[in-house]
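Accompanying notes for the structure given below.
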Amino acid sequence: MTAPPLLEVQGLDVGFTTPDGRPLHAVRDVSFTLRRGETLAVVGESGSGKSTTALALLRMLPGTGRITGGSVLLDGEDLATAAEDRLREVRGARIGMIFQDPMTALNPVLSIGRHLDEVLRAHGDRDRTAVNGAGTGTGTSASTDARAGTGTGADGTARRRKSTRPGKATPSGKAARPGKAARRARAVELLRLVGIPDPERRLDDHPHQFSGGQRQRILIAMALAGEPDILLADEPTTALDATVQDQILTLLGELTRTTGTALVLITHNMGVVARACERVLVMYGGTVVEDGPTAEVLARPRHPYTAGLLAAVPRLSAPSGTRLTGIPGTPPDLSLPLAGCAFAARCALTEDRCRTTAPPLAALTDTVRAACLPAAERAEPLPPPPPPARIDRPAPGAVVLAAEGLRKTYRGRGRRAFTALDGVSLTLAAGETLGIVGESGSGKSTLARVLAHAHPSDGGRILLDGKDVTRPGRAELHAVRRRVQMVFQDPYASLNPRMTVGEIVAEPLRAFGTVAPAERAGRVAELLRLVGLDPAAADRHPRSFSGGQRQRVGIARALAPEPSVLICDEPVSALDVSVQAQIVGLLTDLQRDLGLALVFIAHDLAVVRQVSHRIAVMHEGRIVETGAADELCERPRDPYTRALLAAAPEPVPVTAAPVPAAAEAVSA
């Protein structure tokens, strides 16, 4: 007899109220089930409803968000109508969550040990048998009992098993509240589990003392501290390099296999989906447009949107100088009524009926459902895409920026010195893109900041057009910063929320005096058009833009002083694949038109190969290998480079045939 699902979501609707009082239907009629130990991916572009769906499961919706319909059944108990006291028992203990942005999820004034201690004090002394049984009227499964520390002896009587949590069993069968020493030992164990080096010492460090990838691991450790039945992971590997991403996915996979924890993985990375998940749910415009087994959906997509997402995924096999494929257009405004298919305006298969009739999520095979009227009448999956288009780019010119033996060491009170750069040397020519890859903590971002003179170096030289600018005076530093500009990783944190977009783009014009005051408005409009934004947007604030649009604003700001070198520090890591393709294409076109020299730092080797002329691989503050992009990716010499390439996920499940996608079906 098939066991009932652990989680059953039925007809979930979520709504918000916009600042001007309009209703916004963020999630509409979403249904799915989740069984113990199962891994489910939820994919889609930003604004498709992925994260909102996850937050709704725990009733953690921000602001005016509320569940307006449907149910969320956890072991038969409806969390959509549960009391707040009951939800506090469920959050963390039964359903844990890994948030996307570790810098906003972690308190900057608390040590990592304090973060973990709070979770262990809240959930480390719970008896899972009692928690699981509360309000359900049903017993617990064998896997749950094992994790709770209970089991059945040979005589059929219940007995305790060794718990993985701090605290000792009491005669009542419940764990006593663990002491401070036991909680600290458990915190060290959790940090070691997620791969934080020297966990005993790092436990007393604060969030800013860790790399981005390490902060994400800490969030995972916090989510695992309560040993939940379900783990909701909202883009947990977005900011991670290939090897760390592979380690995190391996860790999550082992947890589902050994503990029976079910995993809901929210991501825009199809390679992660293929690597880690059994089933996939594709969302667009707040609704599910396709679902089914991962191998079937990725290998034979039925919905044009799924095919478009797959076509937009960078392939490590694609050669340097080829263009990423994006989905034209933008997602729908969910505050406006949708008369037909939400994807109709962006789909080349659209028929007249698609604009007036909302397609139901219908079974197209025994295992796959899709919400597409033309697909329901088509027996075969969508055709494969054409090969990526070549980019017409001129050959690089003379060397414009060079580094010789750069060194940078960070020292803090009570901490050992950390060498971030250890004799780094490189050259960058006009019109050339130098890709820089490596694990978190390898020195990539430090190198970017030193080259841009945001941080001083401790040794070595920086040459700009052959002139030593390592220790510039005040006036010379002003000139250097005009020539070398940065595009930052986080488009949300790098823009002042109090300033309008026009003011943000005009700020470098004022600082460097490149344009007369009377001409600034015209130059701002020109820059916004250059990056694909409407000049009318100059009066709006950053909060009213999507992530991809904010990154375009950041690029416009960097271009304002007319630099010759643009340093892009993970400019697309937080963006979904379609927007990523648009931003990378924009940078490539700007380089061709303006003759820019680009330093492109990223953890996605496939993107780096396609956009770069040359690639430098960094490891522990050193460049261990450099060479032409195609040569390095096809014939790597250093073992570390080979490890990075081997860890890069491809959007093809191991058991599936090569992935066809439908570029024709989504191209303009």
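Run down Arg201, Arg184, Arg192 and say which single residue is in contact with an Asp or Glu (Cβ under 8 Å, 6 or more places away or on another chain) and either within 21 Å of Asp246 (Cα to Cα) or open to solvent by 30 Å² or more (accessible area, probe 1.4 Å) (or both).
Details: Arg201 fails: in contact with an Asp or Glu (Cβ under 8 Å, 6 or more places away or on another chain); Arg192 fails: in contact with an Asp or Glu (Cβ under 8 Å, 6 or more places away or on another chain).
Residue meeting the stated conditions: Arg184.
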| said: Regarding segment 19-36, can at least one residue be identified that is at pLDDT below 95, assigned to a loop (DSSP other than H, G, I, E, B) and closer than 20 Å to Leu252 by Cβ? | reply: yes
| request: Would you please name the residue that is most open to solvent (accessible area, probe 1.4 Å), looking only at residues in segment 623-648 that are assigned to a helix (DSSP H, G or I), among the hydrophobic types (A, V, I, L, M, F, W, C) and under 25 Å from Ala276 (Cα atoms)? | output: Ala646
| request: For segment 185-210, name all the residues that are closer than 22 Å to Leu255 by Cβ, in contact (Cβ under 8 Å) with a residue 60 or more places away in the chain and assigned to a helix (DSSP H, G or I). | output: Arg186, Ala187, Leu190, Leu191, Arg202
| field | Filtered residues of segment 379-401 (kept if more than 32 Å from the chain's Cα centre (by Cα) and either in contact (Cβ under 8 Å) with a residue 60 or more places away in the chain or within 20 Å of Ser425 (Cβ to Cβ) (or both)) | value | Pro394, Pro396, Gly397, Ala398, Val399, Val400
| With (1) within 30 Å of Gly213 (Cα to Cα); (2) open to solvent by 50 Å² or more (accessible area, probe 1.4 Å) as the list, and Val487 as the residue in question, which single condition is left unmet? | (2)
| task | Only residues in segment 500-520 that are farther than 19 Å from Ala536 by Cα count as the first member; pair them with residues that are open to solvent by 60 Å² or more (accessible area, probe 1.4 Å) and not in a helix (DSSP H, G or I), Cβ under 8 angstrom, at least 6 apart or cross-chain, and list the lot. | result | Thr514/Glu562
| query | Would you call Arg161 at pLDDT below 50, closer than 19 Å to Gly226 by Cα and open to solvent by 40 Å² or more (accessible area, probe 1.4 Å)? | reply | yes
| Can you tell me which residues in segment 584-605 are in contact with a Cys (Cβ under 9 Å, 6 or more places away or on another chain) and either among the β-branched types (Val, Ile, Thr) or over 13 Å from Gln489 (Cβ atoms) (or both)? | Leu587, Leu598, Val599, Ile601, Leu605
| query | Does segment 335-353 include one or more residues that are within 30 Å of Val608 (Cα to Cα), modelled with pLDDT of 90 or more, open to solvent by 30 Å² or more (accessible area, probe 1.4 Å) and among the basic types (Lys, Arg)? | reply | no
| message | Only one of Ala560, Ala511, Ala581, Ala556 is under 23 Å from Ala448 (Cα atoms), under 19 Å from the mean Cα position of the chain (by Cα) and either of a type in the set (A, V, I, L, M, F, W, C) or surrounded by fewer than 19 Cβ atoms within 10 Å (Cβ to Cβ) (or both). Can you tell me which? | response | Ala581
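The values are calculated or read from the model by the stated rules, or taken from the named source; none is laboratory data. As the structure is a computational prediction, the values presented were derived from the model and not from experiment. Every residue, glycine among them, receives a Cβ derived from its backbone with ideal geometry; neighbour counts consider all protein chains shown. All accessible areas refer to the heavy atoms of the entire protein, side chains included, with ligands and DNA or RNA removed. Shrake-Rupley method; radii C 1.70, N 1.55, O 1.52, S 1.80 Å.
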